[in-house]
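Data block below; observations after.
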Amino acid sequence: MVTTTALEEELLALAGSVPDPELPVLTLAELGVLRGLQLTAPGRVEVRLTPTYTGCPAIETMSADIERVLHDHGIPEVEVRTVLSPPWTTDAITAEGRRKLAEFGIAPPRPTGPAGGPVAVDLTLRCPHCGSTDTTLLSRFSSTACKALRRCESCREPFDHFKEL
């Protein structure tokens, strides 16, 4: 059993408050990419971070932003380690993160459920602008590889959909 100190919890909250560089409406904690933080020695912290997909270009910016926040809080040595296993999935996005995505005009990913569990039958996507399920895929990729571009046929507004992984 791993115990967490009050300082580690405080530093984890600080690291988790860093905005995602590609979706600044979300924090890294809400995105679910921050896997943990451990104080390894006085003034030295190791942070574990999982990219949304292998090769995600934002991981370097995330790491630098975490280092900056923790340095500003008085931690002189910060090591951010990229952890690929277990892989990140969209199920890691918090309920608050999903709410913020929809509020920002991005259709949040549908829950994928437990590995090996039943497959969701609901294949519809709701327009984040008007709530209609009458949407069309315009492009499998949008401004980032983890999003698709769709259009609502009811309100005619385009919107991003955060793809399920």
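Could you list, in sequence order, the residues of region 117-159 that are out of contact with any His (no Cβ under 6 Å at 6 or more places or on another chain), of a type in the set (D, E) and modelled with pLDDT of 90 or more?
Listed by number, the residues that qualify are D134, E153.
What residue, among those in region 127-165 that are under 19 Å from the mean Cα position of the chain (by Cα) and of a type in the set (S, T, Y), is most open to solvent (accessible area, probe 1.4 Å)?
Looking at the filtered set, the residue picked out is S143.
Go through (1) within 16 Å of the chain's Cα centre (by Cα); (2) closer than 30 Å to L7 by Cα one by one and return the number of the condition L70 breaks.
(1)
Would you check if A15 is open to solvent by 40 Å² or more (accessible area, probe 1.4 Å), modelled with pLDDT of 95 or more and of a type outside the set (D, E, K, R)?
It is false that A15 is open to solvent by 40 Å² or more (accessible area, probe 1.4 Å), modelled with pLDDT of 95 or more and of a type outside the set (D, E, K, R).
Please find, among L7, L39, L23, L84, the residue that is of a type outside the set (S, T, Y), surrounded by fewer than 16 Cβ atoms within 10 Å (Cβ to Cβ) and closer than 21 Å to P109 by Cα.
On the way: L7 fails: closer than 21 Å to P109 by Cα; L39 fails: closer than 21 Å to P109 by Cα; L23 fails: surrounded by fewer than 16 Cβ atoms within 10 Å (Cβ to Cβ).
None of the others qualify; the one that does is L84.
If T94 passes every condition in (1) in contact with a Gly (Cβ under 8 Å, 6 or more places away or on another chain); (2) without any contact (Cβ under 8 Å) to a residue 60 or more places away in the chain; (3) over 19 Å from A145 (Cα atoms) but one, which one does it miss?
Of the numbered conditions (1) in contact with a Gly (Cβ under 8 Å, 6 or more places away or on another chain); (2) without any contact (Cβ under 8 Å) to a residue 60 or more places away in the chain; (3) over 19 Å from A145 (Cα atoms), the odd one out for T94 is (2).
The values are calculated or read from the model by the stated rules, or taken from the named source; none is laboratory data. Because the structure is predicted, anything quoted here is derived from the model rather than measured. Ideal geometry is used to build each Cβ from the backbone, glycine not excepted, and the neighbour counts take in all protein chains shown. Only protein heavy atoms, including side chains, enter the accessible area calculation; ligands, DNA and RNA are left aside. Shrake-Rupley method; radii C 1.70, N 1.55, O 1.52, S 1.80 Å.
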